[in-house]
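The values are calculated or read from the model by the stated rules, or taken from the named source; none is laboratory data. Note that the structure is a prediction, hence the values are computed from the model and not measured. Cβ: placed from backbone, ideal geometry, glycine included. Neighbour counts: every protein chain shown. For accessibility, only protein heavy atoms count, side chains too; no ligands or nucleic acids. Shrake-Rupley method; radii C 1.70, N 1.55, O 1.52, S 1.80 Å.
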Amino acid sequence: MENQWFVAAKKADFDAVAEQFHISPVLARIIRNRDVRTKEEVALFLHGTMSDLPDPFLLPDMEPAVRKLYECRDKKIRIIGDYDIDGVCASYILYRGLRALHMQADTAIPNRMTDGYGLNDRLVEEAHRDGVELIVTCDNGIAAAPQASLAASYGMEMIVTDHHEVPYEEEEDGSRRYLMPQAAAVVDPKREDSRYPYEGICGATVAFHLIRAMYALWERLGNEALERTEQDAGGYEQPKYAEQDAGRNEEPWHVAKDVNGNYRMQDKGAACGMPEGLFRELAMFAAFATIGDVMELKGENRILVREGLKMMAHAENPGMRALIAVNDLEGKKITPYHIGFILGPCLNATGRLDSAERALSLLTCKDYREALMIAQDLRGLNDSRKDMTAKGVEEAVSLVQAMDLTKNPVLVLYLPDCHESLAGIVAGRIRERFNHPVFVLTDAEEGVKGSGRSIEAYSMYEELSRCKELLTRYGGHKMAAGLSLPKANVERFCKRINELAELRDEDFVQKIHIDVPMPLSYATKELIGQFELLEPFGTGNPKPLFVQKNLLFLSAKLLGKNDRVMRFSVMDEQGMRFSMTLFCAHETFDSYIRQVYGDEALSSLYQARGTEVRLSVVYCAEINEYGGRSELQFVIVDYKRSC
């Protein structure tokens, strides 16, 4: 089935926006297609800075969290994270931030194989044995109500920082009763009572805002404590935080209480009194995790990533420098692609095949030569992971095709020999190929574990909630989820999840959203050069797509390793010729042309003998720089026969 093309039809006065912001009307239209509406939003999209980050105290329970940390500043604190990019970066941000305030903090990360996702009883009991008095979770904890109760029974307190959906039970009237853990504070933008302006932030960004809030309020809390000391003892006691002021920004960070008695930022700024180097480092890792956890690059995420990428180019953290070096990216412009497909997977690989503690040790390493050794190990693990993933994907595709599973709305693939840490990656690849929601299940030490990846029309977390009686554990988002279940329930789960699915045939068709119908002849270096203002590109802010109808394909040739690059000469209806590139296995293109135009047309195309092959194409335009030269490059994203 051919992909469906949709041309965006969002309206605005594009000429007025273009004139005010000194951009082309095409760029103004693309920005409007990103749901940027008002002039203030356009200004933030184009020129937003770290000073435009939201007030961290708008996150629910932020002030109680900071107060509890201040109370426990002389107590033993354990940070418990997660084994993926987001969890590792969040753990490092909290560890680095708390230690910078001279607090007794250490870290623990669950083992993917033996512990599974998130906080569990073993980690709580281990913390108790180690004399921990306060547990702080990051990128997990919102679903850990039993563990919070266990910690309380041992006399330990807990702060939850997370960004996942809050578990709930559905009442008879259809309303939801949310099941939050009983903790000193639960900081999660997805809480129903959250006033935070953007819920789509990752766990590391929540952790980053907690450290911002701590620096914003720390001095005020110290002054409050001094006032109480003077009242109680009639004297003055030098506070411990005084030594922490060294290196802080000269401008003090001010907070004030609003009419409801809640602390809010009074002065505009970003670092909140943090030393500049610390602020930049923590922001960089929050940006890294935002891309690695596939958050939408909108709002504050866009600002954080855009500025964070610049910081990575000049990173001082030895671990980050080493990771960039071993992947041959020194001196290069770091992009979301590099993080999503090169650097990030190296951190993820340790949590999949070894222990995520190894990835965290890279970030905490202070010696560059030692960091290089760790980074080399991580890259080696990732290479092994790639080979294992390829085998898993091959097995999954064979299963789908052999059993004709695409007749089901939801693909549930039981691959008992697949490494459980790779289930999510395999599920993602199968989702991309067949455009169905996919669950990949595999044998684990206790029962069966799995991961799911979804399509836009299917909320994975909500659908799992509807059959939770078959599961021992589950969690996640709309587009991705993890689950555990008894092996005896696998068939029942497959049947039940498909019975519950309310998907239509059109939901399985890949949709391509086109920004502007634009002839190739309209694209100039000046216009395409303005696209830098739209960067960084990624989830929620894709590269602009255009459509050109009725191109005559004159010739084709194969390039690159394994002939996976195709270069075409094409001509528009005005007789202008252009070069276009297609990145794909040529067999797919060949099959389409053979089916639509016949073998002779395909042969003529490769021999440049002139053809009647006319196609409409969706394309993106970019400036390709090579050997000191720059030229426009048109990349074909999709194609179909011209009507």
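Quick notes on this structure:
- Residue in the stretch 98-111 that is assigned to a loop (DSSP other than H, G, I, E, B) and in contact with a Cys (Cβ under 7 Å, 6 or more places away or on another chain) present: no
Per-residue answers, yes or no, for (1) in contact with a strand residue (DSSP E or B) (Cβ under 7 Å, 6 or more places away or on another chain); (2) surrounded by fewer than 23 Cβ atoms within 10 Å (Cβ to Cβ):
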| position | (1), (2) |
| --- | --- |
| Ala65 | yes, no |
| Tyr70 | no, yes |
| Asp74 | no, yes |
| Asp84 | no, no |
| Ile93 | no, no |
| Arg96 | no, yes |
| Ala100 | no, yes |
| Met103 | yes, yes |
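- Pairs, first over 23 Å from Asp86 (Cα atoms) in the stretch 159-185, second polar (S, T, N, Q) and open to solvent by 40 Å² or more (accessible area, probe 1.4 Å), C-beta under 7 Å, six or more apart: Gln182/Ser149
- Checklist (1) out of contact with any strand residue (DSSP E or B) (no Cβ under 9 Å at 6 or more places or on another chain); (2) open to solvent by 10 Å² or more (accessible area, probe 1.4 Å); (3) part of a helix (DSSP H, G or I) applied to Glu357, failing item: (1)
- Arg78, sole failed condition from (1) assigned to a helix (DSSP H, G or I); (2) without any contact (Cβ under 8 Å) to a residue 60 or more places away in the chain; (3) within 29 Å of Leu347 (Cα to Cα); (4) among the basic types (Lys, Arg): (1)
- Condition check for Val426: among the hydrophobic types (A, V, I, L, M, F, W, C), closer than 24 Å to His163 by Cβ and either surrounded by fewer than 18 Cβ atoms within 10 Å (Cβ to Cβ) or touching a residue at least 24 places away in the same chain (Cβ under 8 Å) (or both): no
- Residues in the stretch 560-600 that are more than 37 Å from the chain's Cα centre (by Cα) and either touching a residue at least 60 places away in the same chain (Cβ under 8 Å) or in a strand (DSSP E or B) (or both): Ser569, Val570, Met571, Arg577.
- The lone criterion from (1) out of contact with any helix residue (DSSP H, G or I) (no Cβ under 9 Å at 6 or more places or on another chain); (2) part of a strand (DSSP E or B); (3) open to solvent by 30 Å² or more (accessible area, probe 1.4 Å) left unmet by Lys557 is number (1).
- Residue in the stretch 535-542 that is buried (at least 16 other Cβ atoms within 10 Å of the Cβ) and over 17 Å from Arg302 (Cβ atoms) present: no
- Taking (1) under 15 Å from Ala204 (Cβ atoms); (2) more than 22 Å from the chain's Cα centre (by Cα) in turn, Asp121 satisfies each apart from (1).
- In the stretch 468-480, of all residues being in a strand (DSSP E or B), touching a residue at least 40 places away in the same chain (Cβ under 8 Å) and crowded, with 17+ Cβ neighbours inside 10 Å, the one that is nearest to the chain's Cα centre (by Cα) corresponds to Ala480.
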